[in-house]
Structure formats: structure tokens, C-alpha cells
Amino acid sequence: PSVKRKLALGAGAMTLDGWLCTDLVPVTPSVVDLDAVRRWPVPAASFRYVLCEHMFEQVPYDAGLRLLAEARRVLHPTGVLRISTPDLDVVRLLPDSQDPDVQEYVRWSNRTFGSPAERKEADSAVHALNRVMRSWGHSYLYDETTLRHALQLSGFGQIRRCLPGESEHPELLGGDRHAALIGELPNRVESLILEATA
């Protein structure tokens, strides 16, 4: 039945068993072509879960609102959207943070993705901040207040913040794949994860 269907947006090469995995540019045959900021060729109320992990930040704010409206439209009543994106509340405080995990995140970012000069200055939070703002196709970063507001504008009701790997919905456990790409600590430091009920 439709209440058990699950849709993953921006899947890239990583697929999930039991999910319809989509991407703007599918890179594997098991991923379906979908432009998430245009009307989806999907009937209303046809999915129980929608997962949007670390792709929402790649679209401008207005396009993000269109994506959220489509997610709300295709979700079954009481369906859940799980959205994960870099947390602007963390990013904007990188230069001033005394948190050892955030400082390790800065070193990891500079050593992993920095230019030769940036790698030599691994403790520079400014390098890491600029990278999060400008790299990987990022277009618009959200703090929790702004993301909650966008979800409410799109008609979502109950909104709950989650940690990576945490959910009140067993079907959403295992949906966090970003840590497999960047590691547990960087994912935990940079990710803002909200679950919103349709």
C-alpha cells in the first residue's frame, strides 16, 4: 500500500533497499531521474516517507520552498519528511568555537579538501567556513529557525530535530548515508536534521 512507499531525493550513487531513489543526474541504473524543484510526476499522498539528505542546500531558497511543497503534496497524511543539511548555526560559529569536535572538524575539512596552502593551515576555521559556504554546489545554507519556518510555510506540522542515525520512525533508521562519505564526526558536527510530519 502507498502508506509504506519511501522516496529518497538526491541519492547520488548511494541507493537504499526499499526506497525509490532519485537524482537530477542518475549515475546508476537503480536511480530514477527527478528534478526535485519542479512538479514531481507522482500522485498526491503516494508516499509515507521522503528523505532529503545533503542536497537541499544545493538549491536556492525559492527552489527549496518548491521542493518542500512537492514533498508535502506527495506525502500521505501523517507522512514524514526527513531533511538533512549543513547547519548554518554551526558554520557561522566555526572561527570562534572552542568545541573540540568542531575544531577537529575544521582540521579534517582543511586536510581533506583544502588546497596545498590550506592544508598547511589546518587549524584555520576561516578556510573551513569558506569551503562549506562555497563548495560542493552549495547555494543556500539553513539555520534551524529558517528551515523550520520553510517547513511550516510548506504546510508541515510537527517538526522534530534529530541526531544522525536517530528517528522515532524505524523506517527512517539507516537512511543517513552522509557519514559513510565523510565520517561520523564531521557528519555529526555539520548536519542539521529535522523530521516534519505532513
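Relative to the dominant Cα principal axis of the chain, helix 100-113 is inclined by about 90°. Evaluating 6.51 cos²θ - 1.76 cosθ + 1.60 at θ = phi - 60° for every residue in region 22-28, the Karplus couplings come out as 10, 7, 4, 10, x, 10, 9 Hz, glycine and proline recorded as x.
So, for region 58-198, what is the accessible surface per residue at a probe of 1.4 Å, expressed in square angstrom? Each step should come with its number before you reach the end.
Working: 6710 Å² over 141 residues.
That works out to 48 Å² for each residue.
Relative to the longest principal axis of the Cα atoms of the chain, the long axis of helix 144-153 makes an angle of roughly 20 degrees.
Here the sum of -39500 (n - 2.57) over DSSP H runs of 4 or more residues, divided by the residues of the chain, equals -9500 deg cm²/dmol at 222 nm, to the nearest 500.
Please report the relative contact order for region 57-143, taking Cα pairs under 8 Å with a sequence separation of at least 6, and give it as a percent rounded to a whole number. Could the numbers behind the result be given before it?
On the way: 77 pairs, mean separation 36.8, N = 87.
Here the relative contact order equals 42 percent.
Rounded to whole numbers, the Karplus 3J(HN,Hα) couplings from phi for region 115-127 are 5, x, 5, 5, 5, 6, 10, 4, 8, 6, 5, 5, 4 Hz, using 6.51 cos²θ - 1.76 cosθ + 1.60 with θ = phi - 60°, and x at Gly and Pro. Close amide H partners of VAL42, meaning residues 5 or more places away or on another chain with modelled amide H under 5 Å apart, do not exist here.
Computed from Cα atoms, the angle from the helix 61-74 axis to the main principal axis of the chain rounds to 40 degrees.
For CYS21, the residues whose amide H sits under 5 Å from its own are ALA8, VAL32, ignoring neighbours fewer than 5 places away on the same chain, with H placed 1.01 Å from N. Of the accessible area of region 29-110, with the probe set at 1.4 angstrom, what percent is carbon plus sulfur? Looking at region 29-110 in its full context, I get 55 percent from C and S. Highest mean packing comes first when the peptides 40-47, 64-71 are listed by Cβ atoms within 10 Å, giving 64-71, 40-47.
The values are calculated or read from the model by the stated rules, or taken from the named source; none is laboratory data. Everything numeric here is computed off the predicted structure, so don't read it as measured data. No Cβ is skipped: glycine too gets one built from the backbone with ideal geometry, and neighbour counts run over all protein chains shown. In case anyone asks, the SASA skips ligands and DNA or RNA and just uses the protein heavy atoms, side chains included. Shrake-Rupley method; radii C 1.70, N 1.55, O 1.52, S 1.80 Å.
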